[in-house]
Amino acid sequence: MLAPAQAVILRNLQFQYPGKSAVYALDIPFWSIAQGDHLFIQGASGSGKSTLLNLIAGILIATHGKIEVLGQDLARLSPAKRDRFRAQHIGVVFQQFNLIHYLSVIDNVRLAAYFANKSLTQVTPQAERLFAALNLDKSLFAQKAEQLSVGQQQRVAIARALINQPKILIADEPTSALDQANRDRFIETLLMLSREQQTTLIFASHDSTLAPRFQHHINLTELNRNGETQHVS
Ligand code: ADP
Ligand code: MG
């Protein structure tokens, strides 16, 4: 099968949170990102960045319109197939990292491979490569996630997101807990690993000063037709 040229295509996407019946959180006529691109999504707090990333990851489902990820219409997959699709093709780094605190570092990473049906024998060497690239010492493998510093947790979260060599890496405000020096290093590492693995990177932040580091930028406030004014009929 030929790989589609676009990693993500949105067509007439509208999303409304249940209960929030007055407005669409998102209303985007058309938008796409090519495979392998590195995209920065800027938008003020509340502009819908997390909503959009959760839709692309198939965690939320569009109210109207269509989302194609790697040529697959997400709404046509059953919830179980959608979870499998995400585990296999999409890596996610959240603002709070969402590591499982009582599990060891390596078990956090292994769990992601398990959900993607990957053979566990491949996980340790791949984790070792990622940890080396992320400048994390191997001695951390056995430590509980809760014992790590914020900077270490963040790097483990990247290792977990990349362990299955996903086609798409989604990062939602991943640098907000970091100081300037760690933020710069983090973004450089993310870009380097994305280039190496030919991963499409979708990085969202309210901080517009990060934009110049990325090949492409969009402003969600401009892309999103909604606003507080567009009411759902
Ligand atoms: P951002 O990530 O850019 O800060 P969000 O996607 O979190 O923006 O939020 C977009 C809009 O959707 C906001 O108005 C927010 O209040 C609303 N919203 C976000 N999550 C929920 C939810 N679980 N239930 C209802 N409304 C939500
Ligand atoms: Mg958000």
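The values are calculated or read from the model by the stated rules, or taken from the named source; none is laboratory data. Keep in mind that this is a model prediction, so the values were computed, not measured. When we count neighbours, we look across all protein chains shown, and the Cβ atoms used for this are built from the backbone with ideal geometry, even at glycine.
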Tell me, which residue of the stretch 56-88 that is under 15 Å from the mean Cα position of the chain (by Cα) and among the small types (Gly, Ala, Ser) is nearest to Phe115 (Cα to Cα)? Ala87
Can you tell me which residue in the stretch 196-215 is nearest to Ile33 (Cα to Cα), limited to those that are exposed (fewer than 14 other Cβ atoms within 10 Å of the Cβ) and either in contact (Cβ under 8 Å) with a residue 12 or more places away in the chain or among the acidic types (Asp, Glu) (or both)? Gln215
Pairs, first among the basic types (Lys, Arg) in the stretch 12-36, second in a loop (DSSP other than H, G, I, E, B), C-beta under 9 Å, six or more apart: none
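Rundown of residues vs (1) surrounded by 14 or more Cβ atoms within 10 Å (Cβ to Cβ); (2) under 20 Å from Ala211 (Cα atoms); (3) within 12 Å of ligand 1 (Cβ to nearest atom); (4) among the polar types (S, T, N, Q), yes/no style:
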site	(1), (2), (3), (4)
Gln6	yes, no, no, yes
Lys20	no, no, yes, no
Leu39	yes, yes, no, no
Ile59	yes, no, yes, no
Ala75	no, no, no, no
Go through the stretch 40-64 and count every residue that is of a type outside the set (Val, Ile, Thr), within 16 Å of ligand 2 (Cβ to nearest atom) and assigned to a strand (DSSP E or B). 2
Number of the condition not met by Val92 [criteria: (1) within 16 Å of ligand 2 (Cβ to nearest atom); (2) at pLDDT 95 or above]: (2)
Out of Leu210, Leu169, Leu223, sole residue that is under 24 Å from Ala44 (Cβ atoms), in contact with a Gly (Cβ under 8 Å, 6 or more places away or on another chain) and not polar (S, T, N, Q): Leu169
